[in-house]
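Below is one structure, written out as structure tokens; comments come after it.
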């Protein structure tokens, strides 16, 4: 998808020039977004509209621009990107450009350079010697970095929607519990297969409810069958997974019987202690202490995971990254090549990871609470689609579709 | 009353002829007759002298056959002339002559930037206080914006859609602040809607009369001067109390112009 901004001014409302231009863009197969519109108050006042015109390819975009030029649309010259040096580590220069999660280009010395690792709310740093540009989170800015300031010389490429299958468009509509789950899960399975076929990685972001609801086994199956390339979670998912592996309980409840275990309320801290005593999850597996579960399967299958800590964590497990900035960095390192992100039953981790993902990553958020998906989308991950359902029902169906057998 | 009568600018037709082809009307194989051209021009001049105030005549320049169509000199507004920037290079040298004449009359010149074409009153006609302006074949819509900005007036831009009606004054003629003659098919659907929404009494003319340039009319109060043989439009005008003056302008129609093209109201 390529795009360019144009300005249209004059008596464009009364002369029907604005609707004509928009119709022409659509008729030729392009798309538009009105970025700004100022409507004159009296008949004599002129109006002005700034329109972002986009098309699947450069040739078509040029044809559209040529056509609407006749209607007076003039290209807004993007100009050269402006750079300012960071004066201190972790501090951005005044007026810095704040990035979106969309593909972005900057014009430097007359050439458009693609900004690497699109991520929202970051700065764009240009390496003037290598002529490269990348997003950099505020905390990773170093004194002297050449940071993009202002909007000049920056162009953002809207996500292409035209190639999308009808099924996914259906999912993109409002998050609701009133939708046929089975069809949606089939669509998600198809998307995951397609991501793998195209050499992309699948990221799973999971909450402890996966274990509480007994869906751990389904997730293990997906890991074993190669449908999980990287797992992001908090301390809790791993803790309850280990608790189940060591005590057969999750939060003190026997998962196979649904009954509470005597002294079960302490199982999870005992589990943490056992892992800490072993020197961590990996060592616990190596020593034969940890013999099943999601984390065990990840380690056995060499699926990398990032466990990010939070303020209410017990323990935590030695692998948990408790410095949040370090945790962000660890997650960013694993995002390369991710094409599909599946977020199951976790509000905080879904939103946190959503903020790190480029908009080009297909994102599906599964939660029993519809507001989780809404929140994720409201915070800028507009590419996300939601499924409102129980984690266990979802993962059971998904693993059945993808691996062809019913779990447990 | 004398001071309220409009003044016009005409250019005598000594150098008029079909010397090049820049519109679908012009055919080198169909030259105009110099003698008949002069007779027809004189007849129009005479009618206007009767109806209007002063008729100024600018000296023609050799090698500029279309200079006779003074409507394209520019757009005079008060003491200001929006000097035309002709699309076709064949007509571009006319601007020098028109500029000199208007400057001598005390007009201030407003010029358009190099890439903005504008062909004067041929593409800009007032209906009440609103300027209706044509674009596509000769003038650029950006010229309309510049005029609207500078004059602080409403300019409604109309896209032309038939090359035979390459200037707005070939297919649109305001009669007063409420009514106008127009040929609907000369406009794109949006422009048609704009006309229908902004002209209280739009009078659609039939195709055969549009092709006889009935819309290329000089309107002076209740008098309308047009080329001959446009009975249906004449009837519509009669019914509205206009006095129609028909005059033969067939020699000029060969170049794609009629009564209105041959005149420019300057005050």
**OP:** Working only within the stretch A:254-299, note down all residues that are part of a loop (DSSP other than H, G, I, E, B) and at pLDDT below 95.
**Re:** A:255, A:256, A:257, A:258, A:259, A:261, A:262, A:263
Subject >> Qualifying positions in the stretch B:194-222 - within 20 Å of residue B:137 (Cβ to Cβ), free of Cβ contacts under 8 Å to residues at least 60 places away in the same chain and in a helix (DSSP H, G or I) >> reply: B:194, B:207, B:210
**OP:** Tell me, yes or no, whether the stretch B:89-99 has at least one residue that is out of contact with any helix residue (DSSP H, G or I) (no Cβ under 8 Å at 6 or more places or on another chain), part of a loop (DSSP other than H, G, I, E, B), free of Cβ contacts under 8 Å to residues at least 60 places away in the same chain and within 14 Å of chain A (Cβ to nearest Cβ).
**Re:** no
Original post:
From the set of residues in the stretch A:50-83 that are closer than 20 Å to residue A:151 by Cβ and modelled with pLDDT under 90, which is farthest from the other protein chains (Cβ to nearest Cβ)?
Top reply: A:80
**OP:** Considering only the stretch B:141-171, state which residues are touching a strand residue (DSSP E or B) at 6+ places or on another chain (Cβ under 7 Å), in a loop (DSSP other than H, G, I, E, B) and within 11 Å of another protein chain (Cβ to nearest Cβ).
**Re:** B:153, B:154
**OP:** Evaluate the following for residue A:302: is it without any contact (Cβ under 8 Å) to a residue 24 or more places away in the chain, outside the structural domain of residue A:139 (by TED's automatic domain parsing) and touching a helix residue (DSSP H, G or I) at 6+ places or on another chain (Cβ under 8 Å)?
**Re:** no
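Return yes or no: is residue B:109 more than 14 Å from chain A (Cβ to nearest Cβ), surrounded by fewer than 19 Cβ atoms within 10 Å (Cβ to Cβ) and either part of a loop (DSSP other than H, G, I, E, B) or modelled with pLDDT of 95 or more (or both)?
Working: more than 14 Å from chain A (Cβ to nearest Cβ): yes; surrounded by fewer than 19 Cβ atoms within 10 Å (Cβ to Cβ): yes; either part of a loop (DSSP other than H, G, I, E, B) or modelled with pLDDT of 95 or more (or both): yes.
It is true that residue B:109 is more than 14 Å from chain A (Cβ to nearest Cβ), surrounded by fewer than 19 Cβ atoms within 10 Å (Cβ to Cβ) and either part of a loop (DSSP other than H, G, I, E, B) or modelled with pLDDT of 95 or more (or both).
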Subject >> Selected residue (only one of A:43, A:88 is at negative phi and either surrounded by 16 or more Cβ atoms within 10 Å (Cβ to Cβ) or away from chain B (no Cβ under 14 Å) (or both)) >> reply: A:88
Subject >> strands (runs of 3 or more DSSP E) completely within the stretch A:1-87 that count 3 or more residues being in contact (Cβ under 8 Å) with a residue 40 or more places away in the chain >> reply: A:2-10, A:47-55, A:82-85
Original post:
at the interface with chain B (Cβ under 9 Å from one of its Cβ atoms), surrounded by fewer than 19 Cβ atoms within 10 Å (Cβ to Cβ) and within 24 Å of residue B:130 (Cβ to Cβ) - does that describe any residue in the stretch A:26-37?
Top reply: no
Subject >> Residue count for the stretch B:119-136, restricted to those that are more than 8 Å from every other protein chain (Cβ to nearest Cβ), in contact (Cβ under 8 Å) with a residue 60 or more places away in the chain and touching a strand residue (DSSP E or B) at 6+ places or on another chain (Cβ under 7 Å) >> reply: 4
**OP:** Answer yes or no as to whether residue A:133 is modelled with pLDDT of 95 or more and farther than 22 Å from residue A:353 by Cβ.
**Re:** yes
Original post:
When the stretch B:39-61 is examined, which residues are found to be touching a helix residue (DSSP H, G or I) at 6+ places or on another chain (Cβ under 6 Å), over 17 Å from residue B:99 (Cα atoms) and surrounded by fewer than 21 Cβ atoms within 10 Å (Cβ to Cβ)?
Top reply: B:55
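One line per residue, one yes/no per condition, for (1) over 13 Å from the mean Cα position of the chain (by Cα); (2) surrounded by fewer than 24 Cβ atoms within 10 Å (Cβ to Cβ); (3) over 17 Å from residue A:202 (Cα atoms):
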site: A:353; (1), (2), (3): no, no, no
site: A:358; (1), (2), (3): no, yes, no
site: A:366; (1), (2), (3): yes, no, no
site: A:369; (1), (2), (3): yes, yes, yes
site: A:374; (1), (2), (3): yes, yes, yes
site: A:378; (1), (2), (3): no, yes, yes
site: A:385; (1), (2), (3): no, yes, no
site: A:389; (1), (2), (3): yes, yes, yes
Original post:
So which of B:263, B:243 is surrounded by fewer than 17 Cβ atoms within 10 Å (Cβ to Cβ) and touching a strand residue (DSSP E or B) at 6+ places or on another chain (Cβ under 6 Å)?
Top reply: B:243
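The values are calculated or read from the model by the stated rules, or taken from the named source; none is laboratory data. Treat the numbers as computed from the prediction; the structure is a model and nothing was measured. Heads up, the Cβs are rebuilt from the backbone with ideal geometry, glycines too, and the neighbour counts pull from every protein chain shown.
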